Amino acid sequence: MRDIKTREHHQFIKTKNKKENMKHFVKKNQVLKKKRNDIHKQNNEDYENEATNRVVDYEKKTAYDIQHYSKRIMQKRKIKSVEDKYETNEKSIKNHLKDNKIESLMNSKILTVSNKKVKNEGTTLFSDKANDHYHYQMKSHFISKHKNKIKELKQNTHNLKKTPSTGIKFFKGTVNVVKRSITGINQFITLGMGLILLIVITLFIGVFSALSDDSSVENGTMYVSAEVLSYTNTIEKYAKEYDIADYVPLIQAVMMQESGGKGNDPMQSSECPYNTKYPNVPNAIQDAEYSIDCGVHYLSDCMKRANVKSVSDMQNISLALQGYNFGNGYIEWAVEHFGGYTRPNAKVFSDEMKAKLQVDVYGDPDYVKHVLRYYHIGNGDIVAVAKSQIGNIGGRKYWEWYGFDSHVEWCAIFISWCANESGDLNINIPKFSRVEDGIQWFKDNKKWADKNYKPKAGDLIFFDWNNDNDPDHVGIVESSDNQYIYTIEGNSNDECREKKYRINNKIIIGYGIILL
């Protein structure tokens, strides 16, 4: 009884320990698994490294397989060329195959042909069998290799998919592209430096295109202050003196950006090269008229250096404005390197000058955008206003100005916006969003002309696409001759564009006459 009891006791203890050990193991395993999951969630970098390494291994294997396959193809071509060159007799085939390290082919059962058989049937029979076996073996080899390669690639892909993917998919895709690019470049090196040069040139062109991109800006979205308007007579005086009398609204926009018309130096001309009365430091000028004199003089110089042609020449006006802000030869630098102003190259110039002068801030790279929001072309020239808008897509600024909160047909709205900018709104042109309302206004005010009228610049032209007495479209006449009418139109395929029509085109239904 004692022994049995002891045995039962030991057996009981053994069973209990086993269960406890199992529970301990399971619990420990769960804790470790949870800990690993927490670590993975908190730190994706481990997964990123793992994914990167797997992608690198995959790329290495792919490159190796391609190289190995290429060698096999070259070997096959070499053997084929030698077979064609040499006579197909037993001795020459044995020697040649031995030289190319594939003597084992000669030991195969199919290629084992007795000298007697060769003599009886001729060397042609032996040659045919050797060739048949060679091609069969090569074909089998590559098919087998290809199947193994596909199997391995599938396995690698399957393993990669098991990698935790919280925020990793985008990373893996990026790494894959980068690694493939690096692998591709390494392979290109073996083919010659020409392709590498092509890649470098392509990248350079991409960067250059980004920097020289024509960054269009929207003008006339805000208005100058009463303080700026109070200087209108003084601005007109110096604008006429320095040959930019047509650009008074632009000068007002510059003043608005510089000071809002406040202070004794409203044009912020203290550091202007034409300031000879006061120290060349910020806000040194204490005479508002002298500030305007210096500022307008320098802006005039910038506009001449930028080759500004008209009040609607927004690209060169932008170049002049950024030159006014930067100074230090920005205009010439931008023209030489990028063909003119862009917002990106203004940022590049600012960064270069900060490094050169060892300062934290140099000018305002967005100065053009900041000034032009106050620039209303005006002067009663609706054609110039319309021309400055060519290239606008979608017409958001026009229909938002009119009061719509979503996209609408905006050809008439564009006319109204241009009239507002030129000062013609509700004088020569009504504010209208429907084409038929505009026609009715011109008829009521005895300013309507039928299609036989020869229009002049600034007149409105109305269209009926289907000749169903339901007008569809309106534009601004830019010019006309004996054959064509040239127009500027909003909402032409949802864009502001220049177009032309034959003077007797049937879709023209009449004109709104602008009396200047």
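Assorted remarks:
- Pairs beyond 21 Å (Cα-Cα), from Lys309/Lys354; Lys387/Lys451; Lys347/Lys369; Lys456/Lys506; Lys397/Lys500: Lys309/Lys354; Lys387/Lys451; Lys397/Lys500
- In order along region 484-498, the Karplus-derived 3J(HN,Hα) couplings, from 6.51 cos²θ - 1.76 cosθ + 1.60 at θ = phi - 60°, round to 10, 10, 9, 10, 10, 10, x, 6, 8, 6, 6, 9, 8, 9, 8 Hz, and Gly and Pro are given as x.
- Prolate/oblate/rounded label for region 226-372 (Cα gyration tensor, a/c 1.5): oblate
- Whole-Hz couplings from phi, Karplus 6.51/-1.76/1.60, listed for region 474-481; x for Gly and Pro: 8, x, 10, 6, 8, 5, 7, 9
- Backbone geometry of region 410-426 corresponds, through the Karplus equation with coefficients 6.51, -1.76 and 1.60 at θ = phi - 60°, to 3J(HN,Hα) couplings of 10, 5, 6, 4, 4, 4, 5, 5, 4, 5, 5, 5, 8, x, 8, 5, 6 Hz, x marking Gly and Pro.
- Amide H to amide H distances under 5 Å link Ile285 with Ser270, where only residues 5 or more positions off or on other chains count and H is placed in the peptide plane.
- Summarising the amide proton neighbourhood of Ile244: residues at separation of 5 or more, or on other chains, whose placed amide H is nearer than 5 Å comprise an empty set.
- Proximity of backbone amide H atoms, modeled 1.01 Å from N, is registered between Gly510 and Phe462 at under 5 Å, excluding neighbours fewer than 5 places apart on the same chain.
- Sorted by Cβ neighbour density within 10 Å, fewest at the top, the residues Val408, Val308, Val281: Val281, Val408, Val308
Where a number appears in this text, it was derived from the coordinates with a stated rule and is not lab data. Because the structure is predicted, anything quoted here is derived from the model rather than measured. For neighbour counting, all protein chains shown are included, and Cβ atoms are generated from backbone atoms with ideal geometry for every residue, glycine included.
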